[in-house]
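Below is one structure, written out as structure tokens; comments come after it.
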Amino acid sequence: MKIAMLLLFPHHHFLRNLSKISFQNYQFIFHSGARFGSGFSCTQSLNSVGLYRAEWMLPSCGFKRKLGMQTILKLHTEGLSDKERRFVNKLYTGVIQGQRASLAESITLIESTHSRKKELAQVLLQMVLNYHREQEQLNKGKPLAFRVGLSGPPGAGKSTFIEYLGKMLTRNGHKVSVLAVDPSSSTSGGSLLGDKTRMIELSKDMNAYIRPSPTRGTLGGVTRTTNEAILLCEGAGYDIILIETVAGGDELQGIKRGIIEMADLVAITKSDGDLVVPARRIQAEYVSALKLLRKRSKVWKPKVVRISAKTGEGITEMWDRMKEFRDLRLASHELIARRQQQQKVWMWNLIQESVLERFRNCSAVKDQIPLLEEKVANGDLSPGLAADILLKAFKF
């Protein structure tokens with residue numbers, strides 16, 4: 001699901017990288033009637049672990065053989081000590097039983113950059129994926145959770161909206177998980193991580209779980225472990241997953257050409273008080289803009305709604321539109337096809353990240369990098385030739 005929150009008169013610098021990656025299933029756009037701020041389209045694939053399949057068909061000696069899930073899992077657990085196995089089993093049991101402490105510890109594990117902990121995290125994720133697939137099979141193959149990506153600049157009302165919507169959903173029997181991805185400093189690694197303080201009531205709700213995570217410089221406003229965190233939350237029984245991110249924006253016309261092309265629902269936020277009239281005008285502008293765009297779904301046309309998290313106006317209707325979108329995409333098989341495609345994208349993203357990490361840490365390359373970077377910066381060596389030298393020195 002894609003969600004973007006937009007404010008009026010946004011800035012220029014964000015749409016350059018907008019189309020590089022994609023969020024999952026939906027996109028919603030929020031546009032504030034306030035006369036400040038910027039806009040954003042949150043992007044990056046979000047789904048359960050795609051590095052593994054229930055059955056892998058691998059070519060071998062001219063024929064295909066099946067690797068069952070238990071065989072795959074065994075390959076990952078053989079090198080674990082008894083203590084490590086007990087640790088992973090404890091986390092797994094706690095997660096599938098819905099224990100918040102186990103879920104929090106598990107997400108901390110997958111966010112670790114320590115090599116051994118990353119291996120333990122993959123074992124845990126595979127175990128949760130096994131369980132998750134079994135539960136989906138019992139649900140006739142339908143997804144167990146509704147995944148929503150919510151993005152926009154500070155001031156667009158994301159946290160207020162999430163708290164209102166989250167409380168409404170928990171009252172109706174849902175379990176809501178909020179994964180708040182905060183911007184991080186590329187030098188210090190620091191991030192805002194203030195969502196629990198902005199969603200006080202929702203953070204107290206035992207049917208809600210809020211987890212802030214710094215991006216640590218990851219492009220697209222989503223961390224490298226967002227996919228894994230979603231899987232863990234779904235394994236813990238949360239059926240509504242909200243992913244909140246922060247980003248900048250572009251001019252209104254750029255927004256119409258950029259974000260709107262990716263939107264499934266446009267929501268005009270802060271449509272209350274003196275802002276009702278400008279909100280209606282903005283709504284009309286977006287309705288006109290959407291008519292000019294190429295149709296991306298056979299079953300759904302993007303809609304524009306006005307909401308107010310302050311008064312609650314329009315939020316119930318917005319939730320109805322979101323469910324309608326989900327049901328139509330599910331019935332047409334578009335939702336499942338999109339998830340399957342994004343599983344592949346996720347796998348290749350992990351491969352690229354792993355290869356780049358190994359490349360940077362390769363002994364034959366590591367010492368040459370600063371020297372070649374300096375030559376490239378000074379204009380003594382072309383970037384292409386420098387890259388060629390490093391790639392030849394790198395041994396896969």
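The values are calculated or read from the model by the stated rules, or taken from the named source; none is laboratory data. Since we're looking at a predicted model, the values are computed, not measured. Using ideal geometry, Cβ is built from the backbone for each residue, glycine included, and neighbour counts are taken over all protein chains shown. For accessibility, only protein heavy atoms count, side chains too; no ligands or nucleic acids. Shrake-Rupley method; radii C 1.70, N 1.55, O 1.52, S 1.80 Å.
Quick rundown of the values:
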{"quantity": "Condition check for Leu381: over 30 Å from Tyr164 (Cα atoms), crowded, with 16+ Cβ neighbours inside 10 Å and touching a helix residue (DSSP H, G or I) at 6+ places or on another chain (Cβ under 8 Å)", "calculated": "yes"}
{"quantity": "Enumeration of residues in the stretch 324-351 that are open to solvent by 50 Å² or more (accessible area, probe 1.4 Å), in contact (Cβ under 8 Å) with a residue 24 or more places away in the chain and not aliphatic (A, V, I, L, M)", "calculated": "Arg326, Arg338, Lys344, Asn349"}
{"quantity": "Selected residue [among the polar types (S, T, N, Q), modelled with pLDDT of 65 or more and open to solvent by 40 Å² or more (accessible area, probe 1.4 Å)] from Thr160, Thr197, Thr170, Thr187", "calculated": "Thr160"}
{"quantity": "Residue within the stretch 357-369 that is at negative phi and touching a strand residue (DSSP E or B) at 6+ places or on another chain (Cβ under 7 Å) present", "calculated": "no"}
{"quantity": "Members of the stretch 271-297 found to be modelled with pLDDT under 90 and open to solvent by 100 Å² or more (accessible area, probe 1.4 Å), listed by number", "calculated": "Lys291, Leu292, Arg294, Lys295, Arg296"}
{"quantity": "Selection count, the stretch 235-260, where residues are in contact with a Pro (Cβ under 9 Å, 6 or more places away or on another chain), open to solvent by 10 Å² or more (accessible area, probe 1.4 Å) and modelled with pLDDT of 70 or more", "calculated": "1"}
{"quantity": "The stretch 98-133 - residue that is free of Cβ contacts under 8 Å to residues at least 12 places away in the same chain and not in a helix (DSSP H, G or I) and, of those, nearest to Ala236 (Cα to Cα)", "calculated": "Ser112"}
{"quantity": "All positions within the stretch 85-100 that are over 19 Å from Lys175 (Cα atoms) and among the β-branched types (Val, Ile, Thr)", "calculated": "Val88"}
{"quantity": "The lone exception for Glu111 - which of (1) open to solvent by less than 40 Å² (accessible area, probe 1.4 Å); (2) over 22 Å from Ala208 (Cα atoms) it fails", "calculated": "(2)"}
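Conditions tested, residue by residue: (1) among the charged types (D, E, K, R); (2) in contact with a Phe, Trp or Tyr (Cβ under 7 Å, 6 or more places away or on another chain); (3) part of a helix (DSSP H, G or I).
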| site | (1), (2), (3) |
| --- | --- |
| Lys142 | yes, no, no |
| Val148 | no, yes, no |
| Thr160 | no, no, yes |
| Tyr164 | no, no, yes |
| Met168 | no, no, yes |
| Ser177 | no, yes, no |
